[in-house]
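The next block holds one structure in the form of structure tokens; read it before the comments.
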Amino acid sequence: MKLFIDTANIEHIRIASKWGCIKGVTTNPSLIAKEGRNLLDVIKEIVTLIDGPISAEVQEASVEAMVAEGQSLAKLHKNIVIKIPMTMDGIAAVSQLSKLGIKTNVTLVFSVPQALLACEAGATYISPFMGRVDDMGDSGVELIEKIMTTITNYGYETEVIAASIRNLAHVEQAALAGADIATIPFAVLQSMVNHPLTAAGLQIFRDAAKK
Ligand code: G3P
């Protein structure tokens, strides 16, 4: 499973880029607003730090405006992926952008029927939100499993980005469900390296090395 970082924080992306295991970046309007910056400035910096798919979300809502904004964002850099919300206009925009050879990531996916629409429209990626499904009392991992089965059944090329990941359990569940990618907040990425037995074992080895 490829690991993406889910943030618009440049310092966090800079640190994570040095780990060598982060293959892409996803942003959304909330993450950009949290940094108090505008989308274009942030995206232009991110593409210099990670050489992989960088999702930039459209701000427009009509089909024509989303397609125009997507075309303009895609011109910024070859790695830009146009993130489009799951609406019927969004699906129409995905279909047009896909025919223009522009990569798309359909976001706010919460069901198999929604995933089907995006796959049939030619989405490069879809982003089911695990954490927000769990928040509702449903199962985020079941959603990922069902979408993976659907994609396998029909041989779609669309890749699944497990999103709205809040903790290590989500990372593990996404991997076991076969998600192609998990997009993970910085703090959760940092915590992936930790295990109490690793820390204890390291201490024992370091003490032994001193003797
Ligand atoms: O990738 C989508 C993600 O940023 C949403 O996460 O925690 O706001 O549900 P969350």
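Just so it is clear, none of the values below were taken in a lab; they were calculated from the coordinates. Keep in mind the model is a prediction, meaning the values are calculated, not measured. FYI the Cβ positions are ideal-geometry reconstructions off the backbone, even for glycines, and counts take in every protein chain you see.
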Tally Lys and Arg at +1 and Asp and Glu at -1 over the other residues with C-beta under 12 Å from the C-beta of ALA187: what net charge comes out?
0
What whole-number distance in Å separates the alpha-carbon centres of the stretch 144-194 and the stretch 46-73?
22
Dipole magnitude of the chain about its Cα centre, charges +1 at Lys/Arg Cβ and -1 at Asp/Glu Cβ only, in debye to the nearest 20?
880
Antiparallel content of DSSP bridges confined to the stretch 1-140, in %, to 5
0
Given contacts defined as C-alpha pairs under 8 Å and at least six residues apart, what's the relative contact order of the chain, whole-number percent?
17
Using unit Cβ charges (K, R positive; D, E negative) and no other charged atoms, how large, in debye to the nearest 20, is the dipole of the stretch 32-137 about its Cα centre?
260
How high is the relative contact order of the stretch 1-125, given as a whole-number percent (alpha carbon pairs under 8 Å, six or more residues apart)?
18
